[in-house]
Amino acid sequence: MSYSKLKINVIKALFNSQYANMLEYRVEIALWALSGVLPFIMLSIWKESGAATSYGFDGLSLSRYFLSAFLVRQFSVVWVVFSFEEDALLGKLSPYLIQPLHPLWRYLAAHIAEQVTRLPFALLITFTFFLFNTDSFWIPSLIQFLLAWLSTLFAFSIAFLLQSIIASLCFWNEKASSLERLLFTPYLFLSGLLAPISSFPPNIQKIVLLTPFPYMINFPANILSGLAENIFIGFIIQIIWISILFPVVILLWKAGVRNYTAMGA
Amino acid sequence: MKDRAIIDVEQLSKTYQISDKDPGFKGTLKHFLSRKTFGVEAVKNVSFKIQPGEIVGFLGANGAGKTTILKMLCGLIYPSSGSIYVDGFNPAKRQNDFLKNITLVMGQKQQLIWDLPPMDSLQVNAAIYGLSESEATNRIKELSIMLELGEELYRPVRKLSLGQRMKTELLASLLHKPSVLFLDEPTLGLDVNAQARVRSFLSEYNRKTGATILLTSHYMADITALCSRVLCIHKGELFYDGGLNSLTNKLTPYRELRIELKDQFNPKEFENYGIIKTNTDRFIEIRILRTELPKVISRILERFEVIDIEIKDPPIEELIGKLFNQRRI
């Protein structure tokens, strides 16, 4: 069997099994999708406070931005550190470590399967949003949609790699997920979930744009809602972050595996 | 690879860094403020070789270091010092060619996806190990016949009994036809029938494929049914490596005879043959020196009208317990 066919078979088998597994948890996934409505809460706060206009937003672009932020979040949400920590603590990781496949592929497949399971729920919430905000309805152009999809994929990759770095720390500290909380706070404030980055003071914006967080929500949401400027630069920065984080994950993993004690197994 | 051994272990040691904690609030505070870590030597300078096709039993009390050695042999954890070669590979490097040739089965630990039928997990394993669809189908069919598995492969794992789960775990672990099997308590928690089925499967698998098997078990029946050679370990040190029979011979020079006679008898008549353990009605159990066994049996058969006679070794658990206390042969 050729190497590429072998890889395709692995991807297919992993996705099929993980999708079947996620369907078993469809109600839980629907609730997770529903719990991601923070951008809509922020939209109503912005609208009610009347602050939007003072930051140069009209009601329509703000609605579209927060709906886009909701969708980007739905398809870039990552939970690898929690699964990994549980598997490492309960010894479930051990059989994966002695198979000729990097265990992170399993977690990646589980995330993709979860996103596919989540898709109908996210679409249903979007439909409901438009039902109550008919004037916000818009259909992005094909190019706009494809670029938004690609930047969301990159946003997911950045989030997955960032969490994988923390997950790798489980090899040293069994409760590495608590470190994820430290990451969540800057993510929440600097990603664009609570407010578009363009509403930040210019000096703060400059600093924020040096971190990976705006490229995890704000950038893809801007493309989808038609607010994006400097799309090319945005993609370059996303690729730079992926290129920085990927080797860090590999190196940390290699060092961590040497420290693994196969607890609970 | 050194000489012909498929498993070659030299001066293997493993030290874990741990920290103790006193109970209560004071203990917690002390543990938080001035934690003292210290090294615990789980395995100390262990050396042994295993030839291809051998089934070797690993004996030792809880915490003796058996599982730690198994984990090092399959590359799951790194040794502190010493060298290991399994099928010519250094397990610590976890090369794909090495991983495709081994398997580790841990009793009561599962790799199958809990909410899905085993078939889903088997398809993933088949893809990971590069088996074609037809190869995987044939292999699943072959192993499921040996393991007496059928419709269980299509039911969610969570709905299976412990015995059925263990058998499906074995199937998943052996799907890629590994030539070296590391089995850590493969019959743990199973009932007597399920234990016997797993044992006969392992024996048949070894006979058919020539695979090398290293297993740990708390059930001596597993060891006596499968292993002609045993490694005994105590507090991380290997103190016996040899045949199970010679271990039994060295530990106990006696065998036990259980005799059923046609008529009632006077126990005193048996005192010259050996030590009487029990006697009831027409049954008597006596302990006899191994060297005297043939002579004594023929004398008893000449003198008494015997209906049945059974020769057995003293319970192996008893011998092993004695061995661990002595820590020498």
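Residues that are more than 11 Å from chain A (Cβ to nearest Cβ) and in contact with a Phe, Trp or Tyr (Cβ under 8 Å, 6 or more places away or on another chain) were ranked within region B:68-86; the one that is surrounded by the most Cβ atoms within 10 Å (Cβ to Cβ) is B:I69. Does B:L171 satisfy being more than 10 Å from chain A (Cβ to nearest Cβ) and either surrounded by 23 or more Cβ atoms within 10 Å (Cβ to Cβ) or touching a Leu at 6+ places or on another chain (Cβ under 8 Å) (or both)? Yes.
So that you can scan it fast, the table gives a plain yes or no per residue for (1) within 14 Å of chain A (Cβ to nearest Cβ); (2) of a type in the set (F, W, Y); (3) open to solvent by 40 Å² or more (accessible area, probe 1.4 Å):
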residue	(1), (2), (3)
B:D97	yes, no, yes
B:V105	yes, no, no
B:W114	yes, yes, yes
B:S132	yes, no, no
B:L143	no, no, no
B:E151	no, no, yes
B:K167	no, no, no
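Just so you know, in region B:213-243 the residues that are assigned to a helix (DSSP H, G or I) and modelled with pLDDT under 85 include one that is most open to solvent (accessible area, probe 1.4 Å), and it is B:A221. Entry remark, region A:76-120: residues being touching a residue at least 60 places away in the same chain (Cβ under 8 Å) and under 19 Å from A:A148 (Cα atoms) number 6 in total.
Is it fair to say B:S13 is open to solvent by less than 60 Å² (accessible area, probe 1.4 Å) and small (G, A, S)? Judged against the criteria, B:S13 is a match.
As a summary of the residue check, B:D184 satisfies the conditions (1) more than 9 Å from chain A (Cβ to nearest Cβ); (2) crowded, with 18+ Cβ neighbours inside 10 Å; (3) over 17 Å from A:A13 (Cβ atoms); (4) in contact (Cβ under 8 Å) with a residue 24 or more places away in the chain except for the one numbered (1). Take the conditions (1) part of a helix (DSSP H, G or I); (2) open to solvent by less than 30 Å² (accessible area, probe 1.4 Å); (3) over 19 Å from A:Q163 (Cα atoms); A:F232 misses just one of them, which is (2). Just checking, does region A:190-207 include any residue being among the hydroxyl-bearing types (S, T, Y), at pLDDT 95 or above and buried (at least 18 other Cβ atoms within 10 Å of the Cβ)? The answer is yes; a qualifying residue exists.
Restrict the check to region B:58-67 and report whether at least one residue is under 30 Å from B:R155 (Cα atoms) and facing chain A (nearest Cβ under 10 Å). Checked against the condition, which is being under 30 Å from B:R155 (Cα atoms) and facing chain A (nearest Cβ under 10 Å), region B:58-67 yields no hits at all.
I need the full set of residues from region B:23-48 which are without any contact (Cβ under 8 Å) to a residue 40 or more places away in the chain and open to solvent by less than 100 Å² (accessible area, probe 1.4 Å), in order please. Steps first, answer last, please.
Taking region B:23-48 first, the residues without any contact (Cβ under 8 Å) to a residue 40 or more places away in the chain are B:23-40.
Hits for region B:23-48 are B:G24, B:G27, B:T28, B:L29, B:H31, B:S34, B:T37, B:F38, B:G39, B:V40.
Looking at region A:206-217, is at least one residue in a helix (DSSP H, G or I), within 14 Å of chain B (Cβ to nearest Cβ) and in contact (Cβ under 8 Å) with a residue 24 or more places away in the chain? No, region A:206-217 contains no residue that is in a helix (DSSP H, G or I), within 14 Å of chain B (Cβ to nearest Cβ) and in contact (Cβ under 8 Å) with a residue 24 or more places away in the chain.
In region B:191-208 there is no residue that is farther than 17 Å from B:M106 by Cβ, buried (at least 18 other Cβ atoms within 10 Å of the Cβ), in contact (Cβ under 8 Å) with a residue 60 or more places away in the chain and not β-branched (V, I, T).
Just to check your reading of the model, which residue among A:A148, A:A109 is away from chain B (no Cβ under 14 Å), surrounded by 19 or more Cβ atoms within 10 Å (Cβ to Cβ) and not hydroxyl-bearing (S, T, Y)? Can you show your working first?
Values: A:A109 fails: away from chain B (no Cβ under 14 Å).
Selected residue: A:A148, the only one of A:A148, A:A109 that is away from chain B (no Cβ under 14 Å), surrounded by 19 or more Cβ atoms within 10 Å (Cβ to Cβ) and not hydroxyl-bearing (S, T, Y).
The single condition among (1) exposed (fewer than 14 other Cβ atoms within 10 Å of the Cβ); (2) within 14 Å of chain B (Cβ to nearest Cβ); (3) not basic (K, R) that A:Y55 does not meet is (2).
The single condition among (1) open to solvent by 40 Å² or more (accessible area, probe 1.4 Å); (2) outside the structural domain of B:N206 (by TED's automatic domain parsing) that B:I259 does not meet is (1). Could you tell me whether any residue of region B:22-36 is part of a strand (DSSP E or B) and in the same structural domain as B:A225 (by TED's automatic domain parsing)? Checking region B:22-36: not a single residue is part of a strand (DSSP E or B) and in the same structural domain as B:A225 (by TED's automatic domain parsing).
The values are calculated or read from the model by the stated rules, or taken from the named source; none is laboratory data. Since we're looking at a predicted model, the values are computed, not measured. FYI the Cβ positions are ideal-geometry reconstructions off the backbone, even for glycines, and counts take in every protein chain you see. Accessible surface is based on the protein model in full, side chains and every heavy atom, while ligands, DNA and RNA are left aside. Shrake-Rupley method; radii C 1.70, N 1.55, O 1.52, S 1.80 Å.
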